[in-house]
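Chemist: To start, I am sharing the structure in question, which I have written as structure tokens.
The values are calculated or read from the model by the stated rules, or taken from the named source; none is laboratory data. Values in this document were obtained by computation on a predicted structure and should not be read as measured data. Positions of Cβ are generated from backbone atoms using ideal geometry, with glycine treated the same way; all protein chains shown enter the neighbour counts.
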Amino acid sequence: MTPTVPDPHPEERPVLRPLQRTGWGFRLLVAALLAVIAAGAYAYVTQLRLGLGVTGLNNRVTWGIYITNFVFFIGVSHAGTLISAILRVTGAEWRRPITRMAEAITVFALMVGAPMVLIDMGRPERILSVFRYGRLQSPILWDVISITTYLTGSLLYLYLPLIPDMALLRDRLTEVPRWKRALYRALAAGWRGTPRQHAALERGISAMAIVIIPVAISVHTVVSWIFGMTLRAGWHSTIFGPYFVIGAIFSGIAAIITAMGAFRWVYGLGGFLTDRHFRNLGYLLLTFNLLYMYFTISEYLTIAYGAEVKDTTLVHALFYGAFSHVFWVMLIIGLVLPAVLTLIPHLAPIDLLRRVPALRPIPLGVGAAILGGVGATLHVRGVAYVNTTLGVHHDVVLVAAGVLGAAAFLALLPVLKQRPVASIVLASLLVNAGMWLKRYIIVVPSMALPITPTEWATYQPTWVEWSITAGAFATFILLYALFAKIFPLISLWEVREAKVPEPAPGARAQEVVA
Amino acid sequence: MKAAVVLLVLAGILGMITGRAVAAVSTRLSVTGPSTVGMGEEISVEARLTTADDRPIAGAVLTLFQVGAVGQRAMSTATTDAYGIAWFLHSEFTVAYLSLRVAYAGDAARAPANADLSVEITGIEVAPAVVMPHTPSLPVKTVLFLLLGIVWLTYAFAASSILGIVREGGPRRGGGTARVVR
């Protein structure tokens, strides 16, 4: 009979549990994601077979939501760089439990985002032309070089801190399937934790942490130059480089907070991902939110004040015209609401909202029901977009919906004040959605804008584009979910090294010690 | 003898094929106009269409084109009078050196012809042309690839640390590791 070895680190069990057991919830999630990916694959095969005519893309708007996705995912990929590299270089100790999740986001976002360009090209084999006939003066070629360099560096930067944990899993998880043990053994690279191995590891990680920061900045700067070096209204801007980098870091922080929130909830990682991590990242989110607001105001004020015909046409379309819905929704959900949500713990007057009768669940519910009824009636009668017999203009319904939404949001604020983590996760979700919309209004309106005196181009994404987009997001989530089933989401050796004594509030929290 | 017959037949066929062209009267077009005009002035262009032996062609429609770098744009048309002369007035200036062309399209009886005219527009403030190199110079390329090389060398350095870890791990005894990491 083998004597039972006591577990020296019981606090790490929540991290290792997903690697040892797979529940039905995970299997259902994978099945659902595979179904979405299959739909995306079918849409892509349709596009390959019939050509780009099955999309909403046309000779004027050649970059639609595919390039929106590309810029979005490249932006999200900055999560790893900021959280891991910058915080590592600056010696921020609190970063230790979240570095791996951030680094994984970088790799998967790049893997999903980069192929979006190939999908937009229609004929993917033409990527070879970039290598055969590529010109060094083309930002497209710079993009290929910088993204390849970034992906390689990110993979290396993800792998290096994994080595000690791979050794830990190799020696600790003896009951997992054989292929997993073989994988851990191979990836552990013979790690025994000797001082010389530690020194070699630190050397490698430090070098990568330093070099990956300028590489990441260069990647999004180059992406911005694809737009900025084109003589189009809304694109030809000198601030696009830093504007894109700030936006990328902003959406990257939002992505890591979202992932942290999901894993803390699903795997019960409250002992590692404490309120302190969410609070600190919330402050970072707010900082970059304000920076992004500054750049946004600076960008639009400058071009609107100059009053060049094309610039003012574009600004008018964004502020009041065809793209105004997307623009204002982006501003509200991507910048304004997240700022309010991250500031909630510091806003004392929010408690007063509890006393407002109109913000109670019953009046709000009644209001929503009435509005829903009116909206449904208008829709069923086919008068949702015309001012006809019922005498209710659709704008009135929209305004009422906006007022009701604002009231619901206000009613939610006191609740969220009691749950700062939920508030920050909600803010990050809104930022994710807002930043996708922001990329859409960067890409599409400038292409639809008439260059010669003619009419605006139209662009309406088809089911093919939406299916491929859904497939891309599903692929990203699937890769991340599979990663979480094979590798520990928390860098255990780094957490042990830090000997973090901070006890997390709540019953689930456990003190993490080396 | 045979060769002469073959030549005559070939000449006949050639004559049938090119009969129309051979039958068309060749024409000659000449244009006169100012070599320079001030900004805002109209350019008066006189075109004269004649046959090769200088007989005027009346009633022919001539077209004035503005010639640009990527093609020509028709500006106006005029019909020749009894002296074979047509007049154009041109007032659209977009460049400091204007290239104009008058063309006669020809018809079944007359061959086409055209003639060019260059006019310098004075009084236009033209910024001195700056020649931008279309390909990066050698120093620029060198700096770019140097930076890229530094990045990839750093990657190689970081990857070499993995080799250092593997080497330090050494051969396993009995299939296990010398020290268990828990």
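Chemist: Restricting the range A:148-160 to residues that are within 9 Å of another protein chain (Cβ to nearest Cβ) and either surrounded by 22 or more Cβ atoms within 10 Å (Cβ to Cβ) or of a type outside the set (Phe, Trp, Tyr) (or both), which is farthest from A:GLY190 (Cα to Cα)?
Modeler: A:THR149
Chemist: Only one of A:LEU87, A:LEU151, A:LEU118 is in contact (Cβ under 8 Å) with a residue 40 or more places away in the chain and under 27 Å from B:LEU148 (Cβ atoms). Can you tell me which?
Modeler: Going through A:LEU87, A:LEU151, A:LEU118 in turn, just one is in contact (Cβ under 8 Å) with a residue 40 or more places away in the chain and under 27 Å from B:LEU148 (Cβ atoms): A:LEU151.
Chemist: Among (1) farther than 30 Å from A:PHE26 by Cβ; (2) within 14 Å of chain B (Cβ to nearest Cβ), which single condition is A:TRP191 missing?
Modeler: Failing condition for A:TRP191: (1).
Chemist: Any residue at all in the range A:161-170 that's part of a loop (DSSP other than H, G, I, E, B), over 23 Å from the mean Cα position of the chain (by Cα), at the interface with chain B (Cβ under 10 Å from one of its Cβ atoms) and crowded, with 23+ Cβ neighbours inside 10 Å?
Modeler: Scanning the range A:161-170, I find no residue that is part of a loop (DSSP other than H, G, I, E, B), over 23 Å from the mean Cα position of the chain (by Cα), at the interface with chain B (Cβ under 10 Å from one of its Cβ atoms) and crowded, with 23+ Cβ neighbours inside 10 Å, so the answer is no.
Chemist: Here are the criteria: (1) surrounded by fewer than 15 Cβ atoms within 10 Å (Cβ to Cβ); (2) of a type outside the set (S, T, N, Q); (3) touching a residue at least 12 places away in the same chain (Cβ under 8 Å). Tell me which single one A:ALA35 does not satisfy.
Modeler: (3)
Chemist: Another one. Name the pairs whose Cβ atoms lie under 6 Å apart, with the first residue in the range A:300-311 and under 17 Å from A:THR454 (Cα atoms), the second assigned to a helix (DSSP H, G or I), and 6 or more positions between them or separate chains?
Modeler: A:ASP311/A:ILE303
Chemist: Restricting to the range A:194-212, and then to whatever is β-branched (Val, Ile, Thr) and crowded, with 17+ Cβ neighbours inside 10 Å, can you tell me which residue is nearest to the other protein chains (Cβ to nearest Cβ)?
Modeler: Our first condition is that a residue be β-branched (Val, Ile, Thr); within the range A:194-212, this holds for A:194, A:205, A:210-212.
Still in the running and crowded, with 17+ Cβ neighbours inside 10 Å: A:205, A:211-212.
Working: A:ILE205: 8, A:VAL211: 4, A:ILE212: 9 Å.
Once the filter is applied, the top-ranked residue is A:VAL211.
Chemist: Of the numbered conditions (1) surrounded by fewer than 16 Cβ atoms within 10 Å (Cβ to Cβ); (2) of a type in the set (Ser, Thr, Tyr); (3) at pLDDT 90 or above, A:THR302 fails exactly one; give the number of that condition.
Modeler: The one condition A:THR302 does not meet is (3).
Chemist: Let me ask something else. Does B:LEU117 satisfy the criteria of being within 12 Å of B:VAL31 (Cα to Cα) and assigned to a strand (DSSP E or B)?
Modeler: Yes.
Chemist: Residue check: is A:VAL54 crowded, with 19+ Cβ neighbours inside 10 Å and away from chain B (no Cβ under 14 Å)?
Modeler: Considered against the rule, which asks whether it is crowded, with 19+ Cβ neighbours inside 10 Å and away from chain B (no Cβ under 14 Å), A:VAL54 comes out as no.
Chemist: For the range A:171-186, enumerate the residues that are more than 9 Å from every other protein chain (Cβ to nearest Cβ) and surrounded by 19 or more Cβ atoms within 10 Å (Cβ to Cβ).
Modeler: A:TYR184
Chemist: Is there any pair linking a residue in the range A:177-203 that is without any contact (Cβ under 8 Å) to a residue 24 or more places away in the chain to one that is basic (Lys, Arg) and buried (at least 20 other Cβ atoms within 10 Å of the Cβ), with Cβ under 9 Å and at least six apart or on different chains, and which?
Modeler: Close Cβ pairs satisfying both conditions: A:ARG181/A:ARG170; A:TYR184/A:ARG170; A:ARG185/A:ARG170.
Chemist: Next up: If I ask for residues that are facing another protein chain (nearest Cβ under 7 Å) and modelled with pLDDT under 90, which ones from the range B:135-163 would you list?
Modeler: Matches in the range B:135-163: B:THR135, B:PRO136, B:LYS141.
Chemist: Moving on. So A:ILE145 passes all but one of these: (1) at the interface with chain B (Cβ under 9 Å from one of its Cβ atoms); (2) touching a Ser or Thr at 6+ places or on another chain (Cβ under 8 Å); (3) in a helix (DSSP H, G or I). Which condition number does it fail?
Modeler: Answer for A:ILE145: the failing condition is (2).
Chemist: State whether the residues of the range A:104-116 include one that is under 28 Å from A:PHE487 (Cβ atoms), within 14 Å of chain B (Cβ to nearest Cβ) and not polar (S, T, N, Q).
Modeler: No, every residue in the range A:104-116 fails to be under 28 Å from A:PHE487 (Cβ atoms), within 14 Å of chain B (Cβ to nearest Cβ) and not polar (S, T, N, Q).
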